[in-house]
1. Would you mind checking segment 63-104 for residues with the amide N under 14 Å from a putative spin-label position 7 Å along Cα→C-beta of Glu31?
2. What nm distance separates the two modelled labels at Asp116 and Val15, each placed 7 Å from Cα along Cα→Cβ?
3. Starting from the residue with the highest accessible area, list Ser81, Ser55 in decreasing order, probe 1.4 Å.
4. Can you put Val128, Val141, Val15 in order of accessible area, largest first, using a 1.4 Å probe?
5. Using a 1.4 angstrom probe on the protein heavy atoms only, line up His363, His302 by accessible area, largest first.
6. Which of the three applies to segment 38-153, rounded, prolate or oblate, going by the alpha-carbon gyration tensor with a ≥ b ≥ c and a/c under 1.5 meaning rounded?
7. Any chance you could run the full-extension gain for Arg71 through Leu292? It's 0.36 nm times the residue separation minus the Cα-Cα distance, nm to one decimal.
8. First compute the accessible area of the chain with a 1.4 Å probe, then give the percent of it belonging to carbon and sulfur atoms.
Amino acid sequence: MSTDSEQHGMKSELVLGDIPALIRFSADVTETLRLDDGIYCFDREWADGVNRGRSLRYTLMVALGFERAARAGYYLPRSASELVDLVMASAAELTPGDRGLALWVLSRLGDGRAADLARELGGVPDDVLQPLEGMEIAWLVIGAAAALEAGVAEPALLDRYVAVLRSRKAGKGPLFGHLGAGRRAMLPNFATQIYSVLALADTARVTNDATALDDARRLADLLVELRRDDAGWPWLFHAERSCVVEPYQVYSVHQDAMAPMAFFSLAEATGDDRYARAGAEGLPWCYGQNELGFPFYDVSGHFAHRAIRRAGWADRTALWTNTAAALAGTTRRVDLGKPMLNSTCRPYHLGWILEAWAGREHHVDLIGASS
């Protein structure tokens, strides 16, 4: 199928507020990131334009975005079912967290393989779950909630994975740990937090779990409180101290996709538009309202840039220094180097834009709305 943006009404530049154009752009760019076997690559550098690696995980994420966009009536270059079939042909390569993503999309598609996968996930040993990152536990919760909602899994599956997620919760605040044990557990990233918001919100919506809803609200409220002045979502936290350890990198996918996904779901679960507004408010960052004044979408180049990072040696030095300070119990932080662009593009970013916004385009109107 054609990847010509003009064929589908795409303008040469994206305009903030035109969500259908952003969705069309995202679907179009995914075609440039496919490998010969139909699976999506891991990433592409702006400088060389070469697709690197191969990612079943990212292919599942694109499939989820395509499924939602198709329901919302958008043109797509291929079907979600086609992508899922490609992934499931290599199912032995999937991690437990990836299988949560697979259960999520299979359940939404009404695919008969969802019930078998739900039964398989019910038997994953606890010692396999402990070393998983928080985002993978959240994906298992989201997949189990989708399976329960579709009628292909018993409540016990969701109960089990919600319990695992809750076991990661900090004792003194609403943040969730990165791992099940160890010092690194107390230094979670934004991905763990925002997928946890989504997991808890979906659980509450499907089961009316008041505790899950309260945990989701408290976590979301803290994330908004810790957000940067330009509505950028910081990267690394200290779970027990409920504070930011290191703000960089600030990722575009958090701004335009992952935060909207989670906050829109929480708004649906609570009926509170404050959360939908919080999800939408990060979008202008990607259109140039960031510290570099840089628009992240390149329509003619079929590219969505990845992040703002610290330049050069400061990128790792600041991360290591601030992490060490946090583990030592001090609140002192260093702010080194200048910000610069991370010019890579990953397929899941585009899939998550579709998952966040397709059928929920009206939330863009909340940007700038009064509280």
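The values are calculated or read from the model by the stated rules, or taken from the named source; none is laboratory data. Bear in mind the structure is a predicted one, so any value in this text is a computation, not a measurement. Counting neighbours? That spans all protein chains shown, and the Cβs are built from the backbone with ideal geometry, glycine included. Heads up: the accessible areas ignore ligands, DNA and RNA and are worked out on the full protein's heavy atoms, side chains in. Shrake-Rupley method; radii C 1.70, N 1.55, O 1.52, S 1.80 Å.
1. 75-79, by backbone N distance to the label point.
2. Label at Asp116, label at Val15, 4.9 nm between them.
3. Details: Ser81 55, Ser55 15 Å².
Per-residue accessible area, sorted high to low, gives Ser81, Ser55.
4. Val15, Val128, Val141
5. His302, His363
6. Oblate, because a/c is 1.5 or more while a/b does not exceed b/c.
7. The Arg71-Leu292 span can extend by a further 76.0 nm.
8. Here it works out to 50 percent.
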